[in-house]
Every structure is written in structure tokens, then in C-alpha cells.
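Since the structure comes first, as C-alpha cells, the remarks are kept for the end.
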Amino acid sequence: RGAAAGAMTERGNATSHASAVLVGDRAVLIRGPSGSGKSRLAFDLILAGRSGQIPQAVLIGDDRIHIQAVNGQLVVRPARELAGLIEVRGLGIRRCAFAEQAFVGLLVDLSAEDAERLPAPKALQANVQGVKVPRIPIGEGFAPLPLVIAALTMVASSSSGEPAVDCWKGIGNHITPTIATE
């Protein structure tokens, strides 16, 4: 089963071609095709945690991780042979601190075919091994870090159709006119 699916095995558990970073108390699981930027996003999240843009962030695993459903939650662990290693494009493989495991709180799909400017609610959720997790589909060519930081730090708008209290226009662009345009 593992070889046919292109996955390595450890104690009978297949690994997935993905990366994961522990941000605060939940993991960001990063999926995508080879070359889509999984390692880059993982490293960017670690740097964003160090700079205070998001809670402290530490690598769980890069390139290959174990994903397992446990009591209705997804648990991610690094592949033993790659634990503490991350690819930094242009510098090669580097060693860094890593977490042994974490529960997944957010899934990021890079080069997602269903990425849209205003995604449908169903696109913002995924079912992985029978567990529903919040999801961000990111299209090819779009920078994922700002979207992930927004998802980690901002509250989604109300689906009631009512504008936010501080939203004087209600919808659309909130740029006010300047003296030059008046």
C-alpha cells in the first residue's frame, strides 16, 4: 500500500507529502504538489512567529509527515528520518527546532484548483480522514503567507449580511477619498 501510493512507512503508518508548523497550540497543515511552496510557507510561518506577527511557530515536519485521526481530531507528527530538517531554497537542508506532534487547526492547500477570490463556504472546509478542518485554498501564483496570517489572526465576517460596525460603506473597498480626489 505505501510503495504503490508513493509513501514511506514508519510502524505501519504511511507518511503524506506535506509540511506542518505548530502555531500557538494548533498545527497548520500545508499540502500541495511538489514545488508549490510548502517548505517556503513553513519557514515563513516560523519567521512570522519569531517577529510577533502570529503566536510562536515551530516546525513539526517538512516534506513528509504522519497524519492520523484521533478522537475526532487530526494529529500530525514528523517523519522520524526528517524530524528537525527543513529545506530553505537557496541554502539547502537546515536543522531547526521541531515539535513532536500537534492537533491540526488549519489546512492550507497550495496550487488549489478551487481557489477563488470569494470562496464558497464549502471550499473553506476539508474532510481529512473523516475529520473536518478549516481550509484555505490558495491558487497558483498567489502569496500564501498573508492569507494564512489573516486566517490565524482575524475573525471571519458575519454571514448575516449586516455590515460590521466599523464598515461605513457596508461592502467593497473601504478606501476613503483623499484631498486629491475630492
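The values are calculated or read from the model by the stated rules, or taken from the named source; none is laboratory data. Predicted model, so just to flag it, every value in this text is computed and none were measured. A quick note on method: Cβ atoms are made from the backbone with ideal geometry, for glycine too, and the neighbour counts reach across all protein chains shown. In case anyone asks, the SASA skips ligands and DNA or RNA and just uses the protein heavy atoms, side chains included. Shrake-Rupley method; radii C 1.70, N 1.55, O 1.52, S 1.80 Å.
Here are some notes:
- Rolling a 1.4 angstrom probe over the protein heavy atoms with all chains in place gives the range 86-141 an accessible area of 67 Å² per residue.
- Extension gain, LYS132-SER51: 0.36 nm per intervening residue step, less the Cα-Cα distance, totals 26.1 nm.
- Shape of the range 59-103, Cα gyration tensor, a/c cut at 1.5: prolate
- Tensor-based shape of the range 65-132 (alpha-carbon gyration tensor, a/c under 1.5 rounded, otherwise prolate or oblate): oblate
- Label-to-label distance, VAL88 versus LYS122, with points set 7 angstrom from Cα along the beta-carbon direction: 4.3 nm.
- Tensor-based shape of the range 14-67 (alpha-carbon gyration tensor, a/c under 1.5 rounded, otherwise prolate or oblate): oblate
- Taking only the Cα atoms of the range 1-147, the radius of gyration and Dmax are 14.5, 42 Å.
- Ordering of 59-66, 27-34 by packing [mean C-beta count within 10 Å, highest first]: 59-66, 27-34
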